[in-house]
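These notes concern the structure reproduced below.
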Amino acid sequence: MEIYYGTISVLDNVYGKNSSHLKELLLVNNKILTIKYKSVDGRDALLLKSIIGILSNLIYEIENGLLTSIEKKISKEILTDFVSFSKEQFGNGDLKISSVLICAALEDSLKRIAEINGLDVDRKSMAQVVNALKSKSLIQKSVGTLLGNYTDLRNRVFHADWGNFDKSEIGSLIGFTEQFIKDNFE
């Protein structure tokens, strides 16, 4: 039964508590438990066969990039929330909060794209992340140029240099970041 509980733990961590994968495993186990077997070994063999099938499917999904797809969907939701809140604050005239949120969303989106593509960007500056993405052709050259300008804006925002940027720059960054997330987190 250790393999059964271990599989539950893996499915929960990979897909979540309400996933169809986990529900299916629990359903199979419940069905197996309702059948009368001549021995416990027969019951356990049937459960083990189901577990092997489920874990084989998980391996297939990992090898074919499905988990990357799930990670991108979750990232898109989180980043979109940051953009929405930034836009709301921008509309309310709070440029400081809006600018910090949108800069964080852009930088985090860049780092997530890099990590999803196997780049080590831990403790790297935004400029270094942009360069790493460009070197692997993960962003277009024209986007890289814009990101260079936005890196400078990010630095001014994160160093609380409030008088050294204006509303139009933040508005532009919001529009760019929103589209960048849509384009890169499908």
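Observations on the model:
- Distance from region 95-123 to region 125-186 (C-alpha centre basis), Å: 9 Å
- Cross-link table LYS96/LYS136; LYS17/LYS72; LYS111/LYS136; LYS17/LYS87; LYS87/LYS182, entries beyond 23 Å C-alpha to C-alpha: LYS96/LYS136; LYS17/LYS87
- Cross-link partners of LYS38 among lysines (Cα-Cα below 30 Å; sequence separation of 8 or more within a chain): LYS23, LYS49
- Label point 7 Å beyond Cα of TRP162 along Cβ direction - residues of region 78-102 with amide nitrogen under 15 Å: 90, 93-101
- Sequence-separation-based contact order of the chain, relative, with Cα cut under 8 Å and 6+ spacing, percent: 20 percent
- Taking 0.36 nm per residue of separation and subtracting the Cα-Cα distance, full extension of the segment from LYS182 to ALA127 would add 17.7 nm.
Throughout, read-outs are computed from the coordinates displayed, never taken from laboratory work. Note that this is a predicted model, so its numbers are computed, not measured. Neighbour counts run over all protein chains shown; Cβ positions are idealised from the backbone, glycine included.
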